[in-house]
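> One structure, as structure tokens, below. Some questions next.
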Amino acid sequence: MNRLDFTPYRRSTVGFDHLFDLLERQARNSGGDNYPPFNIERRDTDQYRITLAVAGFRLDDLEITAQQNLLIVQGSKRDEPKEGDMLHVGIANRGFERRFELADHVRVENADLADGLLIIDLVREIPEAMKPKKIAIGGHTKLEVVKDDEEDQADAA
């Protein structure tokens, strides 16, 4: 069995238990079903895209549920009347459930089905209160939000 041991890291870190539990759970479950195949793409600093190959599924056959830190994509199998004897069945038409663990503050922005691909766009939105702020020294109460270089370039454009 392929087991990861995070004990050395658990001894020297505080507050990362959830992360190590998540990695161990994913390692245990990785030997399972690979249907439907999917891609995960980083499109920008805070934008992601999940693309699932769901050939044969209609819009009504798919369900996307977003919970806190969890995205569940389900496809339900439908029974269609057969017009003849199938000599070979190579197109999978079985139900599935695919789960994706999401980081804090990641939400689903859009979902679309086109050409047999289910495309789910995700965006990470960090609340203003959690962004780093510069603290003035000397009793001044003015606080400024620290901007990344990429944000500065976007603001200038």
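Just so it is clear, none of the values below were taken in a lab; they were calculated from the coordinates. Keep in mind that what you see is a predicted model, and the values were worked out from it rather than measured. So basically every Cβ, Gly included, is an ideal-geometry build from the backbone, and we count neighbours across all protein chains shown.
> Counting only residues 5 or more places away or on other chains, whose amide H sits under 5 Å from the amide H of residue 117 once H atoms are built in the peptide plane?
Sorted by chain and number, the residues that satisfy this are 54.
> Let me ask another. Using a cut-off of 12 Å between beta-carbons, work out the net charge of the residues near residue 73 (Lys and Arg +1, Asp and Glu -1, residue 73 not included).
Net local charge, residue 73 excluded: -1.
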